[in-house]
Amino acid sequence: METKEKKNKKFTDSITFKVLIIFALTLLLLIPKAMIKSLIEERKERSEKTIQIINEKWSDSQTICGPVLTMSYYSKITEKETVNEKVREKVSYKEYQFSLMPSALSIDVKLFPEERYYGIYKTTLYKSEVQICGNFDNFDKLEENYHLDSVDWNDVYVVIGISDLKGLVSNAEFTFNDNLYSAEADGNTDWFSGNTLKIPLKNFRKLLDGKNEFNCKLLLNGSTAIRFVPIGRTTDVTVSGKWSSPSFIGNFSPQKTIEKDSFSAKWQILHFNRDIPEILNSYNSCGYFDKEFSFGVELIETVGHYQQNERSAKYALMFIVLTFVVFFFVEVLSQKRIHPVQYLLVGIALILFYSLLLSISEQINFAIAYLIATVATISLITVYAHSIFKNFTQTGILALILSLLYVFLYVVLQLEDVALLIGSIGLFIILGVIMFLSRKIKWYKQENNE
């Protein structure tokens, strides 16, 4: 009986048992780690909803499509009918519509971005000056396909698609063949899923022999992004503004210049670069224009603080394991007993770092928040470790290791393209150091001595 108790006591005091306890504590700490990740996702989702509210009050991201020249025409339909054994011809007219895309389209945009705060949440808004010009030098296409004598010249207008008319801050000035026309708001169309501006062209038939050139200036507010649809036979778009990290979106790549705090981009798209017909019949379903073929600029933050918090939380397990390894080595080499509760308290302090970082980074710059959370966490663990180790050298080594780990994590968080590479190399080096330091430890001899 006494021998059995001695064996049980020896096992509970062994290194193997302590390793199992540390492993169990590490698994237990995965629960608060998952809670922290869930909290970050919740705060991020709330931030996105708040930003959406701000954007809706100002104006959503904008998509510009047009101008498109729209006409109505009547097709004569003759039908024969028999009335009282007499054959008569019944004549009716059916109305159709067709839309003509511009032969040349040029858009020049100057963006003026600004950051707007709503409580602790921040979004990117912009004002813009949009200059649209071009021509309809392709009326010969109409004459080949339609009888222009059947056109209702009192129902000719130009349509410009703008996804959110709330962002329009001045009356659109539209000039066609040197004649100034006023615009009015119109609803959705089948070829554009947003709102539209409608510009009726009076006495249009008299303008057919003109240059058929147009010019339009828009003062447009928006948020986050601005997109364009290349409906011209040739489409040239230039966008410039003061923003350090623009993202060029869509299926077309621009010629771009990005400096420290400004950018400039130019697209040149030809008709065979996209599958958009030059003439649309009866507003046939072409709502894909603003989805499949749109391109433009998105004003983004390179790495947002919620994204940085998410990435940092992924390294929580590494911090827990490496800190426990340091405590374990001190326990093995100095033969000082460290209670599992002490391991657990240190692990909780490491987990609370991420909660502290999240809450502070919502209020101030992420770099400063990271510094504050790091200093607080390292100080707390260092003071507590000194009360356990009773040795300044061992405590100093622990503080140095934690400092290097947090510096390493911050460097990884700031990187984008090579973050995975640097992280993998760093973890490999850390494992190599641990293996090197533990190579002379006689694990069985330690257990026998105990």
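When Val418, Val412 are checked against the criterion of being at pLDDT below 75, aliphatic (A, V, I, L, M) and within 37 Å of the chain's Cα centre (by Cα), a single residue qualifies: Val418. Taken over the range 17-39, the criterion of being loosely packed, with under 12 Cβ neighbours inside 10 Å and of a type outside the set (A, V, I, L, M) is satisfied by Ser38 alone. Screening Ile351 on (1) modelled with pLDDT under 85; (2) out of contact with any Phe, Trp or Tyr (no Cβ under 8 Å at 6 or more places or on another chain); (3) surrounded by 15 or more Cβ atoms within 10 Å (Cβ to Cβ); (4) outside the structural domain of Asn195 (by TED's automatic domain parsing) shows it passes everything except condition (1). Taking (1) surrounded by fewer than 19 Cβ atoms within 10 Å (Cβ to Cβ); (2) at pLDDT 85 or above in turn, Ile397 satisfies each apart from (2). Against the list (1) without any contact (Cβ under 8 Å) to a residue 40 or more places away in the chain; (2) under 18 Å from Phe136 (Cα atoms); (3) surrounded by fewer than 20 Cβ atoms within 10 Å (Cβ to Cβ), the condition Asp261 fails is (2).
Can you find, within the range 235-251, the residue that is surrounded by the most Cβ atoms within 10 Å (Cβ to Cβ) among those that are closer than 9 Å to Val109 by Cα and of a type outside the set (Val, Ile, Thr)? I'd like the intermediate steps shown before the answer.
Taking the range 235-251 as the starting set, the residues that turn out to be closer than 9 Å to Val109 by Cα are 237-241.
Right, trim to of a type outside the set (Val, Ile, Thr) and you get 240-241.
On the way: Ser240: 17, Gly241: 21.
The selected residue is Gly241.
Scanning the range 276-302 for residues that are among the acidic types (Asp, Glu) and modelled with pLDDT of 80 or more turns up Glu278, Glu298.
Small (Gly, Ala, Ser) and farther than 30 Å from Phe389 by Cβ: which single residue out of Ser294, Ser334 fits that description?
Details: Ser334 fails: farther than 30 Å from Phe389 by Cβ.
Sole residue among the options that is small (Gly, Ala, Ser) and farther than 30 Å from Phe389 by Cβ: Ser294.
Could you check the range 222-285 for strands (runs of 3 or more DSSP E) lying wholly inside it with 2 or more residues that are among the aliphatic types (A, V, I, L, M)? Lay out the reasoning, then the answer.
Working: elements: 225-228, 234-241, 246-250, 255-258, 263-270, 279-281.
Where strands (runs of 3 or more DSSP E) fall fully within the range 222-285 and carry at least 2 residues being among the aliphatic types (A, V, I, L, M), they are 225-228, 234-241, 263-270, 279-281.
The set of residues in the range 226-285 that are within 20 Å of Met101 (Cα to Cα) and aromatic (Phe, Trp, Tyr) comprises Phe228, Phe252, Trp267, Phe272, Tyr283. Taking Val19, is it assigned to a helix (DSSP H, G or I), touching a residue at least 12 places away in the same chain (Cβ under 8 Å) and β-branched (Val, Ile, Thr)? Taking the combined requirement at face value, the residue satisfies it.
The values are calculated or read from the model by the stated rules, or taken from the named source; none is laboratory data. Fair warning: this is a prediction, and the values are worked out from it, not measured in the lab. Backbone-built Cβ (ideal geometry, glycine too); neighbour counts: all protein chains shown.
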